[in-house]
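Some notes on the structure that comes next.
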Amino acid sequence: MFATSRSTTPGGQATRQQRSPALLVLALFVLSSLLVLLSSCDAPGTSNSAVAQAQSLRWVRVHLVPAPTISTTMRVAKRHLYTFASSNAGLMQPAVDARGNVWVGEMHANRLGRLNSQTGVVTNWTPPGGQYGIMTTTVDAKGDAWFTEQNANYIGRFDPRQQTFRIFPLGTWKGSPLGPQDLHFDGRGLLWFTAEAGGVIGRLDPETGAIRVWPIPSPAPGVPSYPYSLTVTPDGRIWFGDFAGGAIGNLDPATGQITLYDLPDPQVQVFSMAADTIGRIWFTEVLPGKLGMFDPATDTLTELPVPAISGGPPALYELVIDHQDTIWFVDVGADTLVRYVPGKRSLTFFQLSLPSSAPFGLTLDPAGTLWFTAGGSSANYVGEMTP
């Protein structure tokens with residue numbers, strides 16, 4: 001049983017119109033239905049069944065702050081492209097290890113790939129039981145690569161020293177596979193993930209294999225929750241964005257309390273989020289192409305409309321924040337990486353001019369170098385850009 005208490009302040013947005021969830025349409029997310037059985041990998045590992053955690057729910061009214069006037073400039077990006085594959089591999093969200101290797105899922109090729117940035121050599125491995133669903137990749141302190149396999153419904157770990165996989169099956173929640181999406185470690189080494197298909201936030205203990213889940217309540221009557229993106233703040237809270245419900249929220253694992261914040265536009269698709277050094281939560285809205293900033297200290301929301309560049313409407317995807325609290329994100333509509341400096345209120349578009357492909361994933365290495373993925377029907381790259 002879950003204790004659920006719903007409260008609002010006068011004028012709050014506790015009740016909302018019913019709406020159909022919008023679905024992201026992007027070539028990189030076209031998933032194959034083929035099941036490949038592999039005999040060359042180690043036998044899958046096992047994990048404990050998921051255990052649901054008790055929780056309470058709180059709704060908080062968001063105060064919308066007018067967007068500041070911003071300046072906009074355009075630059076040509078000084079980028080280096082590493083050819084990853086000649087066919088459409090479907091490069092997803094990358095991660096960089098301590099040696100400078102870039103790890104990324106090749107969704108359409110059903111592989112985990114690694115780029116050696118020193119030599120340009122690409123190496124691939126096929127995960128056990130993979131179903132063309134590697135979404136997000138991250139690297140732990142030992143250099144092991146972790147990834148979510150959404151279609152096969154597991155979290156995987158690859159040990160590059162032993163060249164072996166171990167998988168952690170996630171099971172189901174209320175009869176549905178969890179379908180893991182985003183992936184982040186917290187300060188204790190626990191691995192948090194969003195499970196869009198299952199409508200839960202999950203946590204995996206890499207040492208024991210134990211899995212805990214926190215079901216995310218519906219953002220509106222009749223609308224399922226679709227937790228998609230997440231970030232972990234230093235205080236241990238888990239912030240997440242809903243992909244179809246026009247909401248963001250946070251989970252306090254210590255108490256089980258979930259706090260939901262309605263966004264002004266119920267059709268907003270929150271794609272990626274990160275926290276800056278003073279605790280503000282920044283996120284991209286795929287549609288209608290805005291950069292959001294929520295300040296938990298004041299419950300205020302600022303949404304910056306991103307102008308259309310090169311004639312195409314903005315479509316905002318992955319977001320990262322560097323050590324100077326500069327915000328970086330991908331604008332697929334403009335074929336650019338975009339930098340927003342909050343103190344200067346300035347947007348700078350770095351034109352990538354990618355041949356026959358579009359940017360998608362984005363990450364930062366410890367030195368502050370940006371790494372991005374780009375793919376298309378005939379060209380697939382991992383790109384490097386130093387501002």
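Worth a mention:
- Once the Cβ-Cβ distance of D299 and R161 is raised to the sixth power relative to R0 = 51 Å, the FRET efficiency obtained is 0.65.
- Top of T136, T363, T302 by mean-square fluctuation, Gaussian network on the chain, Cα under 10 Å: T302
- Per residue value of the accessible surface for the range 308-356 (all protein chains in place, 1.4 Å probe), Å²: 37 Å²
- Gap separating the Cα centres of the range 132-178 and the range 90-115, nearest whole Å: 13 Å
- Extension reserve of the S56-T73 stretch, reckoned as 0.36 nm per residue once the Cα distance is removed: 1.6 nm
- Carbon/sulfur fraction of accessible area - the chain, other protein chains in place, 1.4 Å, %: 51 percent
- For the range 307-377, trypsin sites (Lys or Arg not before Pro) meeting the loop criterion (DSSP other than H, G, I, E, B) and having at most 11 other Cβ atoms within 10 Å: K344.
- The alpha-carbon positions of the chain define a convex hull whose volume is 137 Å³ per residue.
- GNM flexibility winner over the chain from A334, A52, A152 (Cα, springs under 10 Å): A52
- With the simple spin-label model, which puts each label point 7 Å out from Cα in the Cβ direction, the E207 to D186 separation comes to 1.4 nm.
- Once both labels are positioned 7 Å from their Cα atoms along Cα-to-Cβ, the gap between H63 and A308 label points is 3.5 nm.
- GNM top mover of G90, G279, G199 - the chain, alpha-carbon springs below 10 Å: G279
- When peptides 75-83, 127-135 are sorted by average Cβ neighbour count within 10 Å, with the highest value leading, the order is 127-135, 75-83.
- Look at the alpha carbon pairs under 8 Å that are at least 6 residues apart: their mean separation over the length of the chain gives a relative contact order of 17 percent.
The values are calculated or read from the model by the stated rules, or taken from the named source; none is laboratory data. Being a predicted model, the structure only gives us computed values, none of them experimental. Note that each Cβ is placed from the backbone with ideal geometry, even for glycine, and that neighbours are counted across all protein chains shown. Accessible surface areas use protein heavy atoms only, side chains included; no ligands, DNA or RNA. Shrake-Rupley method; radii C 1.70, N 1.55, O 1.52, S 1.80 Å.
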